Amino acid sequence: MSPFTLWLSRQWRLIRPGRGSLARSWDRAEAAVLATAVLAALFAVPVAGVVVSEVRAAQMAVSRQQQAERREVDALVLDVTPPSPESDDGTATAVWRLPDGSDRTGTVPAGRGTGPGDRVPVWVDPAGEPVPAPLTASGALTVALAAGLLAWLGVVAALGLLVALVRAGLGRLRLAAWEREWSELGSDKTRW
């Protein structure tokens, strides 16, 4: 038998204990809870897929709105604040032209090596204020996949906690039964 086949048969015995005299009712209850948890985790995969689909649709709407409202302009760097040792990016005071022809001055992110007189791309909102770049389609998909994965992991964690609690409770029942049987074995009421 291959190592994988041995591992698979061990896992099957964990999920479905035999009907022999050593398999007690709590062993079967524990196996039933474990099998139900595994099935619920498998059922949660398509549910997570629905979460991905819904979140992606919502994020794509946000992306389309941001793409329609925001625009990229070139800003002329006036003064640079050097980046901190922990970061590659610093900030710069820059000026950029708005669609109405007026100029706006503000603080924008600037990469290492940027100096006065350089031009840096800046995304601005309709009011001309600097904003982050609009959400892309791939960014929307990444957010949706993360939401779906987190939803599925949340279900799996809850099921794992449920299985652990059931196993702990059944372990206490098992231990109490064993202690009771050991005490009966040592008493005068035994059949031995």
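Within region 127-150, take every residue that is exposed (fewer than 15 other Cβ atoms within 10 Å of the Cβ) and more than 28 Å from E54 (Cα to Cα) and give me the one that is farthest from the chain's Cα centre (by Cα).
The extreme case among them is A127.
If the Cβ limit is 7 Å and pairs must be 6+ apart or interchain, which residue in region 126-137 that is more than 7 Å from S63 (Cα to Cα) pairs with which residue that is modelled with pLDDT of 85 or more and among the acidic types (D, E)?
Partner pairs satisfying both residue conditions: P126/E69; V131/D125.
Go through (1) on the phi < 0 side of the Ramachandran plot; (2) of a type outside the set (A, V, I, L, M, F, W, C); (3) modelled with pLDDT of 80 or more for R10 and report which single condition fails.
(3)
Which is among the small types (G, A, S), surrounded by 16 or more Cβ atoms within 10 Å (Cβ to Cβ) and in the same structural domain as V156 (by TED's automatic domain parsing), of A57, A48, A94, A75? Spell out the reasoning first.
Numbers: A57 fails: surrounded by 16 or more Cβ atoms within 10 Å (Cβ to Cβ); A94 fails: in the same structural domain as V156 (by TED's automatic domain parsing); A75 fails: in the same structural domain as V156 (by TED's automatic domain parsing).
Going through A57, A48, A94, A75 in turn, the sole match is A48.
The values are calculated or read from the model by the stated rules, or taken from the named source; none is laboratory data. This is a predicted model, so every value here is computed, not measured. Cβ: placed from backbone, ideal geometry, glycine included. Neighbour counts: every protein chain shown.
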